[in-house]
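In what follows, a structure is listed as structure tokens, so that the remarks can point back to it.
Values quoted throughout were computed directly from the atomic coordinates according to the rules given, and no laboratory measurement underlies them. Bear in mind that the values here come from a model prediction, so they are computed numbers and not experimental data. Heads up, the Cβs are rebuilt from the backbone with ideal geometry, glycines too, and the neighbour counts pull from every protein chain shown.
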Amino acid sequence: MSYSDKVIDHYNNPRNVGSMDKSSADVGTGLVGAPECGDVMKLQIKVNRETNVIEEARFKTFGCGSAIASSSLATEWVKGKTVEEALTIKNMDIVKELSLPPVKIHCSVLAEDAIRAAIGDWKKKQESAKPVASAVAQ
Amino acid sequence: MSTDVRVPQQLPVTRHSAPQGVKLPIYMDNHATTPMDPRVLEEMLPYFMEKFGNAASRNHSFGWAGEEGVETARERIAKLIGATTKEIIFTSGATESDNLAIKGVAEMYREKGNHIITAVTEHKAVLDTCKRLEKYGYRVTYMPVQKDGLVDLDDLKRAMDDKTILVSIMFANNEIGVVQPATEIGKLCHERGVIFHTDATQAVGKIPIDVNKQNIDLMSISGHKMYGPKGVGALYVRRKNPRVQIAAIIDGGGHERGMRSGTLNVAGIVGLGKACAIASEEMSREAVQLGGLRDRLRDRIMSRLDETYINGSMEHRLPGNLNISFAYVEGESLLMGINDIAVSSGSACTSATLEPSYVLKALGTGDDLAHSSIRFGIGRFNTAAEVDYVADRVIETVERLRELSPLYEMAKEGINLKDVKWAGE
């Protein structure tokens, strides 16, 4: 199987590799996949509480070159978007951008799942933070 | 192997420069196939043009020349494995030899019984042939293997019953290079009047084989795994003590004692014969050399990377084979990082089925480590400088990919990955 130039570029120069403090209230963490399946993605976002804009994104991925490229691309795409905008990213957009072959479509699905999981984690934190905030205000 | 071959030429030009004396890309996938030895090619060449005759043409010199080439090859193969010339049947390769041996025995001995024993780590040419026979009413026992990849002789004893007609256990495994106790398996079979077939594709010409001392009745041989040409192989069929009979699966002109019809691939057969002649001369010296290179590769990699695991027995192993799992790194991504080196992975991503290697799973290697495995196949033309370069590239790439791996990060934080509830499970 040969890889597209974009997959190779992301593999050789992955964007936004790293980790952020997952206990921070502004950070949402998504961990999807399983080692037994050969793919695990961790995608993190840091969201501006005022604007809901994703200001930072980081990833780490255990998986094939296409999985690494899909998650690397996902961090590039979510950065600068609002949380709602980021949720509109679909796996097929990733497939198209990276020219993934059919056997690698699951990599793009996992990247979409990772975005959703990270946003879901961040939203949960905002909801659980609210009662605390109101308690302080009283 | 379920793994397929990475073709480095399809990938972009590497940013690495080769050290002195090393030419890139490096081929280190000699279980998939071997390059042909130039001495083999030289011997074959006349048989494409001047000596083009049909070896079955008995009435003119063109046919005689072809026949002479074939019979010399037959002698050379027989000599390498301790057989007689009448016991060598030429085929198109080891897959055909496996099919002929297993289906041929199944049909010929149907009156006697319908039970076949094989092992879960066999090549698909054996497993799928057995599966086919199950459809026709044969019973097949697929024996498990031990952690080191070897079959348990007591398991084999227990698996045999009065309907057992055939045991098919490979001589050496194509993924992990583990060498089975063929002599003991053959002895058990002969004590019970059961025929013993062994797929020796990876072993012939690499380690000593004697069909008589090792109680082998049928043995599959391939040309292209031992520096000979592709598309040619042989089946050893024992003629006495006991005499083994097989039904043909290809009918026609009655070539090869009626066991395999079809005009002989004379040039290919000559090449296979020459490859065997070279092996007879050089095998013992070459095994020491390959074993040394293999240990050098293993030591260099394992002294600098933690959490690397060897799959299969190191003691009972082909000299040129090394199969290592690199924890927290997925095999295909590792292959992509060492794209100027041709090796294979047991990762699902490199297989058509999206399942990781069934051989590694059979050893009890977890799926996660099966995804992380790389098979190195060191061969006749590899050098110490190449081994060092390969080791260094692997180390550097594993380190880079571990920095990218969430699993490595979690393990470093002290999280037991087995305790994590994974979303995908």
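The slack in the chain from B:Arg132 to B:Glu68, taken as 0.36 nm per residue of separation less the alpha-carbon distance, amounts to 19.3 nm. Separation of segment B:204-256 and segment A:79-120, taken as the distance between their Cα centroids, equals 53 angstrom. Taking all C-alpha pairs of the protein assembly as shown, those more than 38 Å from each other amount to 40 percent. In a shell of Cβ-Cβ distance under 14 Å around B:Tyr138, excluding B:Tyr138 itself, what net charge do Lys and Arg (+1) and Asp and Glu (-1) give? With Lys, Arg at +1 and Asp, Glu at -1, the net is +3.
The distance between label points at A:Ser19 and B:Ser280 comes to 6.2 nm (points 7 Å beyond Cα on the Cα→Cβ vector). Note on segment B:197-283: Lys pairs 8 or more places apart or on different chains, Cα atoms under 23 Å apart, count 6.
Shown is the FRET efficiency for B:Tyr142 and B:Gln245, computed with R0 = 41 Å from the Cβ-Cβ distance and rounded to the nearest 0.05: 0.95.
Here B:Ala18 and B:Glu315 are evaluated by their C-beta separation; at R0 = 25 Å the FRET efficiency comes out at 0.15.
By DSSP, what percent of the beta bridges with both residues in segment B:38-278 are antiparallel, rounded to the nearest 5? Taking every DSSP beta bridge within segment B:38-278, about 40 percent pair in antiparallel fashion. Normalise the Debye intensity by I(0) for segment B:212-299, one equal point scatterer per Cα, no solvent, then take log10 at q = 0.11, 0.14, 0.22 Å⁻¹ and round to two decimals. Reported log10 I(q)/I(0), two decimals: -0.46, -0.69, -1.17. Note on B:Lys124 and B:Glu184: the extension gain reaches 19.2 nm, defined as 0.36 nm multiplied by sequence separation minus the Cα-Cα distance.
Counting only alpha carbon atoms, the long axis of helix B:182-191 and the longest principal axis of chain B meet at about 50°. Entry note, segment A:5-122: relative contact order of 31 percent, from Cα contacts under 8 Å with a spacing of 6+ residues. Against the empirical 2.2 N^0.38 Å (N residues), segment B:38-278 has a Cα radius of gyration ratio of 1.00. Here's the list of lysines a cross-link from A:Lys124 could span, going by alpha-carbon distance under 29 Å and ignoring same-chain residues fewer than 8 apart: A:Lys22, A:Lys42, A:Lys46, A:Lys60, A:Lys79, A:Lys81, A:Lys90, B:Lys412, B:Lys418, B:Lys421. For a straight C-alpha distance cut-off of 17 angstrom, the lysines reachable from B:Lys147 (same-chain residues fewer than eight places away being disregarded) are B:Lys361.
Each listed q (0.21, 0.24, 0.28 Å⁻¹) maps to a log10 I(q)/I(0) for segment B:174-238 from the Debye sum over equal C-alpha point scatterers, namely -0.86, -1.05, -1.27. Bridging of B:Lys187 to aspartates and glutamates at a Cα separation below 15 Å is possible for B:Asp152, B:Asp154, B:Asp155, B:Asp210, B:Asp217, once same-chain residues fewer than 8 apart are set aside. For segment B:121-234, report the % of Cα-Cα distances exceeding 19 Å. Taking all Cα-Cα pairs of segment B:121-234, the fraction more than 19 Å apart is 46 percent. Translational diffusion coefficient of segment B:21-118 (Stokes-Einstein, Kirkwood radius from Cα pairs, 37 °C, 0.692 mPa s): 191 µm²/s. Across chain B, Cα-Cα pairs more than 36 Å apart make up 30 percent of the total. Geometric descriptor of segment B:108-160, per residue, is 81 Å³ (volume of the convex hull of the Cα atoms). For chain A, a Kirkwood radius taken over Cα pairs fed into Stokes-Einstein (37 °C, viscosity 0.692 mPa s) yields D = 216 µm²/s.
Peptide A:62-72 has a mean shielding of 6, counted as Cβ atoms of other protein chains within 10 Å of each residue's Cβ. Taking the number of Cβ atoms within 10 Å of each Cβ as an exposure proxy, the fewest-first ranking of B:Met160, A:Met92, B:Met49 is B:Met49, A:Met92, B:Met160.
Phi angles across segment A:91-108 convert, under the Karplus curve 6.51 cos²θ - 1.76 cosθ + 1.60 with θ = phi - 60°, into 3J(HN,Hα) values of 4, 5, 5, 5, 4, 5, 4, 9, 6, 6, x, x, 5, 10, 4, 4, 5, 6 Hz, Gly and Pro given as x. Suppose only helical runs count, i.e. DSSP H with n ≥ 4. What mean residue ellipticity at 222 nm does that imply for the protein assembly as shown under -39500 (n - 2.57) per run, divided by all residues and rounded to the nearest 500 deg cm²/dmol? Mean residue ellipticity, 222 nm, calculated: -12500 deg cm²/dmol. Scaling against 2.2 N^0.38 Å puts the C-alpha radius of gyration of segment B:242-340 at 1.70. Beta bridges per DSSP, both residues in the protein assembly as shown: antiparallel share near 65 percent. According to the calculation over all Cα-Cα pairs in segment A:53-133, the P(r) per 10 Å bin from zero is 18, 49, 24, 8, 2 %. Mean per-residue shielding of peptide B:413-419 is 1, counting Cβ atoms of other chains within 10 Å of each Cβ.
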